[in-house]
Amino acid sequence: MDGWAHAVQVFEKATKEKPNLQFFLLELDIVRERLNITGYTRGQEEKAISDYAIAEKRNQGKKEYDVVLVGVDATNDLRKAYPNYFADTKEFLDYLKKIINKVE
């Protein structure tokens with residue numbers, strides 16, 4: 001789960017460095033706890049669609065893998081539209097550690 005929090009930090013850093021990104025290809029691997037995010041500008045829309053189709057085909061039938069292509073006007077919109085991809089696990093992990101420490 002710490003990996004999810006790290007992935008969100010990487011995403012936020014990338015979007016601050018490149019605020020002109022309009023499309024995002026999100027590839028979620030639940031088993032490996034990985035979220036791969038690829039950003040595209042408005043002029044790269046066709047490439048984004050092509051990459052999405054390739055990712056979908058590569059992972060067809062894999063229930064532990066999810067691929068989505070989203071277009072947003074602002075990167076904060078992406079977090080609002082897909083909160084499950086950007087779940088803040090830090091707070092959950094803090095509570096879990098407290099509970100475990102009480103049991104021990």
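The values are calculated or read from the model by the stated rules, or taken from the named source; none is laboratory data. Bear in mind that the values here come from a model prediction, so they are computed numbers and not experimental data. Neighbour counts are summed over all protein chains in view; Cβ atoms, including those assigned to glycine, are modelled from backbone coordinates with ideal geometry.
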When the residues of the range 1-40 are narrowed to those that are among the aromatic types (Phe, Trp, Tyr) and either assigned to a strand (DSSP E or B) or modelled with pLDDT of 65 or more (or both), which ends up nearest to Glu64 (Cα to Cα)?
Phe24
Can Lys62 be described as more than 19 Å from Val31 (Cβ to Cβ) and either modelled with pLDDT of 70 or more or part of a helix (DSSP H, G or I) (or both)?
no
Being modelled with pLDDT under 80, part of a helix (DSSP H, G or I) and touching a strand residue (DSSP E or B) at 6+ places or on another chain (Cβ under 7 Å) is the requirement here; does Tyr95 meet it?
no
When you go through (1) aromatic (Phe, Trp, Tyr); (2) under 19 Å from Gly71 (Cβ atoms); (3) modelled with pLDDT under 70 one by one for Tyr52, which number turns out not to apply?
(3)
Return the pair list, or none, for Cβ contacts closer than 6 Å from residues in the range 42-70 that are free of Cβ contacts under 8 Å to residues at least 40 places away in the same chain and crowded, with 16+ Cβ neighbours inside 10 Å to residues that are assigned to a helix (DSSP H, G or I) and among the aliphatic types (A, V, I, L, M), at least 6 apart or on different chains.
none
